[in-house]
Structures are given as C-alpha cells and as structure tokens.
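Below you'll find the structure, written out as structure tokens, and then a few comments.
The values are calculated or read from the model by the stated rules, or taken from the named source; none is laboratory data. Computed from a prediction, not measured in an experiment: that's the story for all the values here. In this analysis, Cβ positions are derived from the backbone assuming ideal geometry, glycine residues included, and neighbour counts consider all displayed protein chains. We work out accessible area using only protein heavy atoms, side chains counted, and drop any ligands, DNA or RNA first. Shrake-Rupley method; radii C 1.70, N 1.55, O 1.52, S 1.80 Å.
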Amino acid sequence: MFKRPRITTTLALLGGIAIGGAAAGAGAVSASSPAEPKVQNRFDSLGADVHAADLSSGRTAHYTDSGPADGTPVLYIGGTGTSARAVHMTDFMRTTRQNLDLRMITVERNGFGDTDYDPKLGKADYAKDALEVLDKLGVKKFKVIAISGGGPYAAEIAAEAPDRISALHLAAALPPYGEKPSYCALTDDQLAAAVKDEIKDPRKWWAFPDDSPVKSIPGFADTAYEEGARTYNQRGQQADPAPQVHEQRLYCDRPGPDLSQLRAPVFLYHGDKDTTVPASTLKAWRDNLPKSAQVTTRTYADTGHDVQYRHWDQILLDLAGRSDRTVVCHDDRTRALPATEADALVAKKRATLGSCAWNK
C-alpha cells in the first residue's frame, strides 16, 4: 500500500531547505547560496595559429603571427627539425614578451610540419619565401632571432635584405662559415640512418641532459615532444627522414652568403657547455660580419645548447631594444637593471642572471 512520505524525507531530498519559507524566513535561502560562478568572456590562447599564404613562386608558405599588429616585428627562425609553431616553446615567457610589445612571426621551412617537401629548394628559397610573407603582413623593417640550425637561414635573409633588418640575434646558432660539420662526410643514406630513429621518437630528438635548466619549466618537455611530432608527422609523412637529411646537407654548403652590406647590430648568445655549436662558431660569425658591425656577445657558464631557453628573458629584452639592461633575480624579485649595476650584484653573488622563476 502506498504510504505518504514523511516531511523529513522531503527535506533531505531538497538539501535540508524548508519547503515553506515562513519558518526560515525569506532571506535564509539567499544567505546560504553560493556566489555566482565567474566564467571568462574570452578564450585563452592555446598558442599561435598556423596560416597559409600563396606565394608568387607557386609555393604555399605556412606561418604564425603572435602579438600585437603594431608591436615590434621579430622573425623567429627555429632550429633544425622545427615547425612554424616552434615559437610556442618560448611561451613560458609569454607575459614578458607581451609586456615588451613584441610581435613574433615564424615561417616554416621546406618539408617540415604543414609544408610540402621539395628537394630542389635551398636556403635562398626560404629567405625569399620569408620576405614575401613579411611583405604580405605589411612588415618592412624587422628583427631576426635565429636558434641553432636557424643560423644559416638568418644569414641568407641578412644577405638578401640587409636594409630591412634592424637587429640580428643569433642564439647558439650554427654559422654557414668555417669548418663544416663532421657529418658532411656521410652519404645521404648514412645520414638518414643516423637520424631516422630520433625523428621517429620526439622524446629522443628533444632529449635535453638531466642537468638542463629547461627541466624546471612546467610542461616544456611535453611541448617539445608535441613540436617534434608535428614537424615530422603533420602531413602524414610518418617521420620521413628526407627533409631532415636535405636540411642538414644544406648546412654543409660553404662559404655562406656575403654579409658585408649588413648595417644592423648583431647579438651572439652562447652557452659554455655547448658541444653542438661550440665556442669556435662565435669567431666564425664575427669573421664574416662587417668590420664595422656593432656586435654584442653574451656567454653563459650555466648552459649548453639550451642557452636560448635559459636566457630567453634576456633575449626578449634585447629584442625590445633594451640591451642596456640585464635581467637578474635580486632579493626574490625579477628586475631589468642597468647592466653595470646588474653585473656588480651578480659578481657579489647578491643576484643571479635571469628571472627568479629559474630559482624556484
């Protein structure tokens, strides 16, 4: 037989709120209600979108464009085996980049990521493609930051359009001058065999040493692995080593382009522990820059081939035209101090180079 439920059961089902408001009073319900949840009005960025541009050559260029349209334009050239989204790996300092009003533009290279592979193309072709993309974006003057294997491409652009570059920044960047890399003696088949396992597994391609400071960046390793997977698999190429072999073969070309017409200041960054791009390459760059070039060299004892990440904060400051300042952590506060003041504090061990985030 059906029985009417007791009022206590009804109260329990309703979370203990009295059905009739007379006993509890009209204000009791609102007093115990949680505050209205706050939901954002805009999406948070997941990183730069990759755009496609049809070029006059008939090729399609893939590029990213991050930052304010009226910000200082910077052409970011990643290391070998990187896609147009490699700049996303520097987003651990995105706030600083935004505060400095920098606009980062990348143009993807032959055979990587979304970009089709053409074995006939060389570094000069990339320079022309990158300059045409910048033209389409309305960018006339720009700065360049090249990392590792991006160095030879930066040299091509500097030779092709020296009057358009307002500053050239080279971070652990391979020069197309001086002694050739040792692998240049290998055949294409031997070189393919040497790289194929690494590019199939991005964890090997992006394997930083255990003592690398990048290990302290939240999510950096997985972001690097995702970048590697995109570079070698985005178009379904299934880690075909041909584009990588082709690019590394281009690094064997000597001599590099003529930089004698470059008038922009040049910044060289090097980690003393770097065995991939050793200290001798600094001289190779200097020897091939104009004698009148204003060259700033920053060397760091605490890094190797990861200097571009560990000291990305200083590179950003330099890109923003504030090379008179040095980023230090002093009294648990990150500051961009006049260089002489910062040097004195570091020498006295009262400050460390870079953001305080590196000390956390």
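Observations
- Taking a straight Cα-Cα cut-off under 20 Å and skipping sequence neighbours fewer than 8 places away in the same chain, the lysines within cross-link reach of K349 are K360.
- Within the accessible area of the chain, the carbon and sulfur atoms contribute 51%, probe 1.4 Å, all protein chains present.
- Solvent exposure of the chain as accessible area per residue, Å², 1.4 Å probe: 52
- Taking amide H as placed 1.01 Å from N in the peptide plane, the amide H of R103 sits under 5 Å from that of T72, V74, each at least 5 places away or on another chain.
- Reported to the nearest whole Å, the Cα centre-to-centre distance from region 220-268 to region 189-203 is 15.
- Taking 22 Å as the limit for the C-alpha separation, the pairs K123/K143; K143/K273; K204/K273; K196/K273; K123/K200 exceed it in the case of K143/K273; K196/K273; K123/K200.
- Computed label-point distance, nm, for sites S216 and A347 using a 7 Å Cα→Cβ extension: 2.4
- Short-range pairs are left out: with C-alpha atoms under 8 Å and at least six residues apart, the relative contact order of the chain is 15 percent.
- R0 of 30 Å, Cβ-Cβ distance R286-A124: FRET efficiency to nearest 0.05: 0.85
- Projected area, mean over directions - region 205-360, Cα convex hull, nm²: 11.6
- The calculated pair-distance distribution of region 248-302 uses every alpha carbon pair, bins of 10 angstrom beginning at 0, and gives 20, 46, 31, 2 percent.
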